[in-house]
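> Sharing a structure here in structure tokens format.
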Amino acid sequence: DVVVTQSPLSLSVTLGQSASISCRSSQSFVDSNGDTYLSWFHQRPGQSPRRLIYEVSKRDSGVPDRFSGSGSGTDFTLKISRVEAEDVGVYSCMQYGHWPRTFGQGTKVEIK
Amino acid sequence: EVQLLESGGGLGQPGGSLRLSCAASGFNFNSEAMSWLRQAPGKGLEWVSSLSADGGATFYADSVKGRFTVSRDNSKNTLFLQMNSLRAEDTALYYCAKDWGHGRWGRGTLVIVSS
């Protein structure tokens, strides 16, 4: 199985500042078209996960441009610019290039 | 608007069975792969199973293979998860999700396995 490792596991951020979360995989998952199947999800307390980013850097509809994804190979990053109060919760990355799909452990983001 | 509504959760006995359903609306269900994922209390997200749009291809996590069966009824826009030989470690909130990349999730249905 592809092991996906996130860091840090918790993050305390000042409103208006930026935050970055790292996601590293044990192997690459680039398909023949050159697409890399890595997503980022945000889950607020008591809510369902919401996908923010797919294929490393493509934002889902309605996701603020404060959220950006980057990376390649086995090393990926989610950056939140100008953190707002609504950004609290757990962020998880997931690879969907191989079976079984695997998630990172999740990063809990809170406001200082 | 895409909507996914899970149902069928509840208390199941160890070794028993439950059948989950996910009613979909707001998109062309017949054209989309669907998945089940779960989240044990206080834990992270875990993929459980996926099913192609026509139901011809199914995929399972090792932890449920041979015990769970995913299926769909495209005429009723509904996804199912038949859960047999339940174990305590199957206790979780079960979500259905749209497409291979899990672009949209339902609100989940809670399964508790306990005697």
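> With N residues in the protein assembly as shown, what two-decimal value do you get for its Cα radius of gyration over 2.2 N^0.38 Å?
1.01
> Rounded to a whole number of µm²/s, how large is the Stokes-Einstein D of segment B:34-111 at 37 °C and 0.692 mPa s, given Rh as the Kirkwood radius over C-alpha pairs?
258 µm²/s
> From the C-alpha coordinates alone, can you work out the Kirkwood hydrodynamic radius of segment A:14-112, in Å? Let's see the in-between values first.
Working: mean 1/r = 0.0729 Å⁻¹.
Result for segment A:14-112 stands at 13.7 Å.
> Still on this structure: Top to bottom by accessible area (1.4 Å), largest first, where do B:K65, A:K112, A:K58 land?
Output order, biggest surface exposure first: A:K112, B:K65, A:K58.
> I need the semi-axes of the equivalent ellipsoid of segment B:1-56: take the C-alpha gyration tensor, multiply each eigenvalue by 5, square-root it, list largest first in whole angstrom. Walk me through the numbers on the way to the answer.
On the way: eigenvalues 110, 38, 33 Å².
Working through the eigenvalues yields semi-axes of 23, 14, 13 Å.
> What list of ³J(HN,Hα) couplings, whole Hz, do you get for segment A:48-61 from phi and the Karplus terms 6.51, -1.76, 1.60, once you set θ to phi - 60° and write x for glycine and proline?
Each residue's phi maps through the Karplus curve to give 6, x, 10, 6, 9, 9, 9, 6, 6, 9, 8, 7, 6, 4 Hz.
> Can you sort B:W100, B:W47 by solvent-accessible area, 1.4 Å probe, largest first?
Largest to smallest exposure gives the sequence B:W100, B:W47.
> When we measure straight from the Cα of B:K98, which aspartates and glutamates land under 20 angstrom away, once same-chain ones fewer than 8 places off are left out?
Within reach: A:D35, A:E55, A:D60, B:E1, B:E6, B:E32, B:E46, B:D54, B:D73.
> What are the residues of segment A:39-59 that lose 20 Å² or more of accessible area, with a 1.4 Å probe, going from their chain alone to all protein chains?
At a threshold of 20 Å² (probe 1.4 Å), the residues of segment A:39-59 that become less exposed are A:F41, A:Q43, A:S48, A:P49, A:R51.
> Just to confirm my numbers, what's the Cα centroid distance between segment A:15-34 and segment B:1-61 in Å?
Using only Cα atoms to place each centre, the spacing works out to 26 Å.
> Looking at the protein assembly as shown only, what percent of DSSP beta bridges run antiparallel? Nearest 5 please. Let's see the in-between values first.
Numbers: 70 of 77 bridges.
Counting only bridges with both partners in the protein assembly as shown, antiparallel ones make up about 90 percent.
> Accessible area per residue, 1.4 Å probe, Å², for chain B: what's the number?
Per residue, chain B has 45 Å² of solvent-accessible surface.
The values are calculated or read from the model by the stated rules, or taken from the named source; none is laboratory data. Predicted model, so just to flag it, every value in this text is computed and none were measured. Each accessible area value is taken on the protein alone, full model and side chains, heavy atoms only, with ligands, DNA and RNA left out. Shrake-Rupley method; radii C 1.70, N 1.55, O 1.52, S 1.80 Å.
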